[in-house]
Amino acid sequence: MFEYAPAPESRAIVDIKPSYGLFIDGEFVDGTGKAFKTINPATEEVLAEVAEASDADVDAAVKAARRAYTRVWSRMSGAERAKYLYRIARIIQERGRELAVLESIDNGKPIKESRDVDIPVVAAHFFYYAGWADKLEHSGYGSTPLGVAGQIIPWNFPLLMLAWKIAPALACGNTVVLKPAETTPLTALLFAEICQQADLPPGVVNIVTGAGETGRAIVSHPDVDKVAFTGSTDVGKAIARAVAGTDKKVTLELGGKAANIVFDDAPLDQAIEGIVNGIFFNQGHVCCAGSRLLVQESVADEVMERLKRRMATLRVGDPLDKNTDVGAINSAEQLAKIRELSDIGEAEGAERWSAPCELPSNGYWFAPTVFTGVSQAHRIAREEIFGPVLSVLTFRTPSEAIEKANNTPFGLSAGVWTDKGSRILSMANRLRAGVVWANTFNKFDPTSPFGGYKESGYGREGGRHGLEGYLKGEDS
Ligand code: NAP
Ligand code: MG
């Protein structure tokens with residue numbers, strides 16, 4: 001293996017303040033509650049103190065959003081709203097390096113990914129939905145907004161999940177109160193500054209930081225018209241229960257346990273790259289990660305040999321190093337969960353292999369790991385690990401592959417690797433998954449709807465379909 005000299009990205013471009021308030025009605029204000037710390041998971045360095053929004057703060061944010069909705073945003077023409085969205089998209093591009101560095105510091109993801117994937121896709125979402133703002137009458141869902149949207153997002157793609165939520169909501173004429181995850185609030189707070197820089201009318205976007213309690217306050221606030229949530233299936237179910245019987249509209253983007261299916265006629269070198277990207281991209285903290293590899297028995301040995309050889313070349317370490325492929329696990333809690341499920345995998349009889357790599361002594365790290373000899377009953381084949389851990393199962397026929405792939409409570413995504421176009425189509429028709437990638441994996445584009453079946457949630461984000469969750473429908 002080659003030795004590379006370190007190539008660290010400078011963090012001088014970001015200006016992290018010692019403490020942050022809440023972004024309400026266009027201003028940063030002190031919270032009335034407590035504060036919490038956000039850290040850099042690669043070093044355990046405390047980055048900043050962040051306000052924990054209380055019920056009263058959430059109420060102030062919802063009131064600001066309501067005022068902005070009634071007085072300004074819902075009255076503005078779509079073409080005018082679009083100008084703000086285009087402006088935000090351009091500022092995101094201009095400040096892309098700053099956003100990428102900050103995202104990597106607060107989240108632990110490699111700079112290569114925040115720079116080349118997260119931030120460009122964030123900007124693309126704002127550009128894409130800016131284009132819809134004055135064309136809603138052609139959406140098929142009417143052009144009447146819902147009102148105030150309460151939005152709650154996870155830590156794995158902090159700014160990208162914010163973009164998926166805020167861009168369509170604003171394009172449709174709604175105003176928002178958004179809560180970022182407790183471990184990754186900083187890019188959402190920088191986005192608040194970008195809203196100021198873009199002269200977005202006060203109250204159209206409100207950012208309230210905090211933990212689960214703040215999320216609960218948003219969900220249960222009586223003046224919120226729409227709840228949009230991305231996160232775990234358990235919290236998603238609790239939210240569905242909390243809004244049952246109210247007029248609130250809900251979309252839920254939840255967990256996954258995607259099958260990545262490799263047939264014996266697949267171009268194996270590309271398939272290996274796809275397997276690696278499928279599970280080790282973003283440390284495997286990806287709801288649609290290809291965490292179950294289903295490989296055809298006739299090529300299983302060869303695939304495993306090539307996969308291990310490739311995994312041994314993955315560079316694990318400093319997220320700000322431009323050579324890094326796999327960064328830090330986002331939190332001590334998440335690391336504990338990954339370790340626990342992996343230990344269970346071993347105890348249940350699967351064989352564990354981890355890439356030989358030196359892990360830094362500070363921070364939270366987990367070596368890229370693969371389990372073979374996994375059976376469908378194993379917990380590592382059924383539960384979402386949400387880390388750099390791949391479970392491998394084999395199959396003989398396409399029908400067996402379908403049966404195993406669909407044997408999960410989730411249904412978010414799947415991958416198919418084969419040389420035959422007809423097989424791709426027949427597999428895609430039979431897989432119970434919201435997204436099916438063929439001879440590629442983890443491709444995201446704002447024009448393409450994303451979302452799940454079964455316990456992976458309901459509603460779609462992205463594309464024309466992504467407008468549905470923020471409009472009242474054709475008849476109103
Ligand atoms: P989580 O614990 O459900 O947290 C998600 C968000 O909800 C966080 O902002 C969290 O705040 C907040 N929250 C926690 N309890 C709440 C409650 N009772 N009421 C309202 N809000 C509450 O999920 P996570 O572990 O951070 O994220 C990983 C999960 O997200 C995985 O299961 C993954 O598959 C899923 N995910 C799905 C998609 C998709 O598009 N389908 C995309 C990305 C991730 P705190 O941060 O303070 O806990
Ligand atoms: Mg953090």
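The values are calculated or read from the model by the stated rules, or taken from the named source; none is laboratory data. Just so it is clear, the structure is predicted and the values come from calculations on it, not from any experiment. Virtual Cβ from ideal backbone geometry, glycine too; neighbours counted across all protein chains shown.
How about the stretch 114-141: which of its residues are closer than 16 Å to residue 155 by Cα and either away from ligand 2 (no atom under 16 Å from the Cβ) or not assigned by TED's automatic domain parsing to the domain that holds residue 162 (or both)?
Correct list: 117, 119, 122.
Is it true that residue 224 is under 26 Å from residue 48 (Cα atoms) and away from ligand 2 (no atom under 16 Å from the Cβ)?
The answer is no for residue 224.
Taking into account only those residues within the stretch 80-113 that are small (Gly, Ala, Ser) and more than 16 Å from ligand 2 (Cβ to nearest atom), which is surrounded by the fewest Cβ atoms within 10 Å (Cβ to Cβ)?
Here the answer is 96.
Read through the list (1) touching a helix residue (DSSP H, G or I) at 6+ places or on another chain (Cβ under 7 Å); (2) more than 15 Å from ligand 1 (Cβ to nearest atom); (3) not polar (S, T, N, Q), then give the number of the only condition that residue 199 fails.
(1)
Select from the stretch 124-145 the residues that are under 30 Å from residue 329 (Cβ atoms) and surrounded by fewer than 23 Cβ atoms within 10 Å (Cβ to Cβ) and list them in ascending order.
Selection gives 124 alone.
Could you check residue 120 against (1) assigned to a helix (DSSP H, G or I); (2) in contact (Cβ under 8 Å) with a residue 60 or more places away in the chain and say which number it fails?
Every condition holds for residue 120 apart from (2).
If you take the residues in the stretch 227-250 that are in a strand (DSSP E or B) and more than 10 Å from ligand 1 (Cβ to nearest atom), which one is nearest to the chain's Cα centre (by Cα)?
So the residue we want is 228.
Name the residue, out of 105, 16, that is assigned to a loop (DSSP other than H, G, I, E, B), touching a strand residue (DSSP E or B) at 6+ places or on another chain (Cβ under 6 Å) and more than 18 Å from residue 205 (Cα to Cα).
Result of the check over 105, 16: 16.
Output the number of residues of the stretch 290-316 satisfying the condition of being part of a loop (DSSP other than H, G, I, E, B) and in contact (Cβ under 8 Å) with a residue 60 or more places away in the chain.
So the answer is 5.
Would it be correct to say that residue 130 is modelled with pLDDT of 95 or more, of a type outside the set (Asp, Glu) and away from ligand 1 (no atom under 16 Å from the Cβ)?
The answer is yes for residue 130.
Where residues in the stretch 196-211 are surrounded by fewer than 24 Cβ atoms within 10 Å (Cβ to Cβ) and away from ligand 2 (no atom under 16 Å from the Cβ), which of them is nearest to residue 37 (Cα to Cα)?
Only one residue tops the list, namely 196.
Considering only residues that are in contact (Cβ under 8 Å) with a residue 24 or more places away in the chain and not aliphatic (A, V, I, L, M), look in the stretch 333-345 and name the one that is nearest to ligand 2 (Cβ to nearest atom).
Of everything passing the filter in the stretch 333-345, 334 is nearest to ligand 2 (Cβ to nearest atom).
Being in contact (Cβ under 8 Å) with a residue 40 or more places away in the chain and not aliphatic (A, V, I, L, M) is the filter here; which residues of the stretch 130-143 pass it?
Matches in the stretch 130-143: 131, 132, 134, 135, 139, 140, 141, 142, 143.
Taking residue 321 as the residue in question, decide whether it is in the same structural domain as residue 407 (by TED's automatic domain parsing), charged (D, E, K, R) and without any contact (Cβ under 8 Å) to a residue 24 or more places away in the chain.
So residue 321 fails the test.
If you check 19, 74, which single one turns out to be more than 16 Å from ligand 1 (Cβ to nearest atom) and closer than 30 Å to residue 361 by Cβ?
19
If you go through the stretch 1-11 one residue at a time, how many are within 22 Å of residue 106 (Cα to Cα) and out of contact with any helix residue (DSSP H, G or I) (no Cβ under 9 Å at 6 or more places or on another chain)?
Total meeting the criteria: 2.
Just to check your reading of the model, which residue among 298, 342 is under 26 Å from the mean Cα position of the chain (by Cα) and among the hydroxyl-bearing types (Ser, Thr, Tyr)?
After applying the criteria, what remains is 342.
Let's see how each residue does on (1) of a type outside the set (Asp, Glu); (2) within 16 Å of ligand 2 (Cβ to nearest atom); (3) touching a helix residue (DSSP H, G or I) at 6+ places or on another chain (Cβ under 7 Å); (4) closer than 23 Å to residue 107 by Cβ:
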site	(1), (2), (3), (4)
323	yes, no, no, yes
331	yes, yes, no, yes
352	yes, no, yes, no
355	yes, no, yes, yes
362	yes, yes, no, yes
377	yes, no, no, no
381	yes, no, no, no
